[in-house]
Every structure is written in C-alpha cells, then in structure tokens.
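These notes are about the structure you will find just below.
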Amino acid sequence: MNRLLFTLFALLTVSTLPAQTREQTIAEEFPDQAGKYAVAVYPLHLFNNGLRLDFEMKIKNTPAWIQIGASGYFGTMPSAYNEYNKWSTIYGEEFNHLLGAGLELNYKRFFNQKETWYYAGGCSYSRYNVDYVDRYWYSYIEDGMEYRTTKFGSLNQKIDKFGISAYLGHQKSKHAFLSDIFVGLGYRYSLKSNRIAKSFDDSMLAWGYKGVVFITGVRIGVKFKQ
C-alpha cells in the first residue's frame, strides 16, 4: 500500500513539472511590471461631449490583459430649446440635449518583455438619445391626397451603435503611472429610431455613423496590485 501511494505521488509530481516550468518561464519573460490592475481615462473624449474610463486586469502569468471600458455622454441647455441656443459637436452637428452611455470589451496582449508594445481587439455597444430643434419634412393626407411641407420644432433621435475594433498601441509605465497612445481600425453599425430626424452620421466621429472607422487616441492612468 505504501509503495502504491509513493508511486502515485511520484507520477503526480513528474506530470506537474512541465506545467510548473512553463508557468515559471512565462512569468520570467513577462514579469509583473507595476501591478495586476489598471485604471485609465481618455482626455480627448471631453471634446466630443463624453468621458471614458477603462478598467484593466492582467491575466495571471501571461502578457495579456482584459480591458473593460465604460463611457458616458452628456450635454444640455438649461433654457427652452430653440434654434439659437444649441451645443455643437466637433464634427459640426448641432443639438440641444444629449444623453448616452457605452461599454467596450477588449483583449489586450503585449509583444515584448517590458510590456510597451501591444495589440488589442474587441467589441462595443453605445446608446444615444439626442434632442434638437430644426426644420423637417412633414407629410399629411387631405382629400385622399398626400402633401409634404416643412415644419419647425423639436425632434428626437435614439441611436443604438454596435462596433468591432482592432488596435496597435504603445504604453509607457513609470512607477504606478501609465500613458498610452494607440491607432487602429474598426467597423460601426448604427440603428436609428426616427427616420424623419437627423441621422447624425456625417463623420466617423458621429454617433450614428455606419461603416469603417479609423481609430486613434491617448490614455493616462495608474497601475496597482490590489
């Protein structure tokens, strides 16, 4: 009985040695630079009436990270809506009220031991609710005939936006602080609730844009271990 237990223990020890050696090798090639978690913000989002915050978690003993990004968009005028009292986006669209939110999930992996160069990819979803005042086409039926005319008034557009993205980036870390710049390509698909209202799709930065997008940005943040 003792011989059997000894044999089983020896086999178990030998079988786990390759896994332990591989885990140790990966840990040595990609050491924990400054922590297992990171939080970062995107300063450029402020110019598009938004704010984004990323939370990242390192996958143990690998050069890979899971990145979860949460974004919010807000802009409103305190007085009644009119054609003069408006916000303006960086791509030229005007609106009176904006409320939006989004989530993005990415897989991020570093190329090198110092964890500076990386690639990342993932998917995203955003929801926007936009109110604005403008002229629009209005149709009505009278005596069995359809007529079209223009009206001036408040309009609402709700947009659901789905996306996939792939990035290449360079991240610098000094002590607990990090800075990051990245470029990439993606595809966006948007669904609108109101066919009469604006589509808000005149630019790749627009909330309702549909098609291929060029992506670039800057992040700043901190790393921590717990």
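The values are calculated or read from the model by the stated rules, or taken from the named source; none is laboratory data. On a predicted model such as this, the values are computed, not experimentally measured, just so you know. Don't worry about glycine lacking a Cβ; one is built from the backbone with ideal geometry, like all the others, and counts go over all protein chains shown. These area figures cover heavy atoms from the full protein model, side chains too; ligands, DNA and RNA do not enter into them. Shrake-Rupley method; radii C 1.70, N 1.55, O 1.52, S 1.80 Å.
Take the conditions over 24 Å from residue 97 (Cα atoms) and modelled with pLDDT of 75 or more and apply them to residue 26. Does it pass?
Numbers: over 24 Å from residue 97 (Cα atoms): yes; modelled with pLDDT of 75 or more: no.
The answer is no for residue 26.
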Check your understanding: Going by the structure shown, is residue 180 closer than 30 Å to residue 35 by Cβ, touching a residue at least 40 places away in the same chain (Cβ under 8 Å) and among the acidic types (Asp, Glu)?
Key -> yes
Revision key, fill the gap. Reported set for the range 143-165 where residues are open to solvent by less than 30 Å² (accessible area, probe 1.4 Å) and of a type in the set (Lys, Arg) is 161
**Study point:** Any chance residue 168 is open to solvent by 50 Å² or more (accessible area, probe 1.4 Å), of a type outside the set (Gly, Ala, Ser) and touching a Gly at 6+ places or on another chain (Cβ under 9 Å)
**Key:** yes
Check your understanding: Across the range 100-112, what is the number of residues that are over 19 Å from residue 167 (Cβ atoms) and in contact with a Phe, Trp or Tyr (Cβ under 6 Å, 6 or more places away or on another chain)?
Key -> 1
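Condition test on residue 96, is it on the phi > 0 side of the Ramachandran plot, surrounded by 13 or more Cβ atoms within 10 Å (Cβ to Cβ) and over 12 Å from the mean Cα position of the chain (by Cα)? Show your work before the answer.
Numbers: on the phi > 0 side of the Ramachandran plot: no; surrounded by 13 or more Cβ atoms within 10 Å (Cβ to Cβ): yes; over 12 Å from the mean Cα position of the chain (by Cα): yes.
Taking the combined requirement at face value, the residue does not satisfy it.
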Review point. Only one residue in 186, 92, 121 is closer than 21 Å to residue 208 by Cβ and either assigned to a strand (DSSP E or B) or in contact with a strand residue (DSSP E or B) (Cβ under 9 Å, 6 or more places away or on another chain) (or both). Which one?
Key: 186
Study note, to complete from the structure: Every listed condition ((1) touching a Cys at 6+ places or on another chain (Cβ under 6 Å); (2) open to solvent by less than 70 Å² (accessible area, probe 1.4 Å)) holds for residue 182 save (1)
Point to revise | Where residue 175 falls short, out of the listed (1) modelled with pLDDT of 90 or more; (2) open to solvent by 50 Å² or more (accessible area, probe 1.4 Å) | key: (1)
Review point. Name the pairs whose Cβ atoms lie under 7 Å apart, with the first residue in the range 129-142 and on the phi < 0 side of the Ramachandran plot and among the hydrophobic types (A, V, I, L, M, F, W, C), the second open to solvent by less than 30 Å² (accessible area, probe 1.4 Å) and modelled with pLDDT under 80, and 6 or more positions between them or separate chains?
Key: 133/153
**Study point:** Residue list for the range 189-226, restricted to those being under 22 Å from residue 88 (Cα atoms), of a type outside the set (A, V, I, L, M, F, W, C) and open to solvent by 20 Å² or more (accessible area, probe 1.4 Å)
**Key:** 192, 193, 194, 195, 198, 199, 201, 202, 203, 209, 210, 216
Exercise for review: Check 125, 132, 119, 140 and return the single one that is more than 20 Å from residue 178 (Cα to Cα), surrounded by 15 or more Cβ atoms within 10 Å (Cβ to Cβ) and touching a Phe, Trp or Tyr at 6+ places or on another chain (Cβ under 9 Å).
Suggested key: 132
Study note, to complete from the structure: Here the residues within the range 53-77 that are in a strand (DSSP E or B), open to solvent by 20 Å² or more (accessible area, probe 1.4 Å) and charged (D, E, K, R) are 58
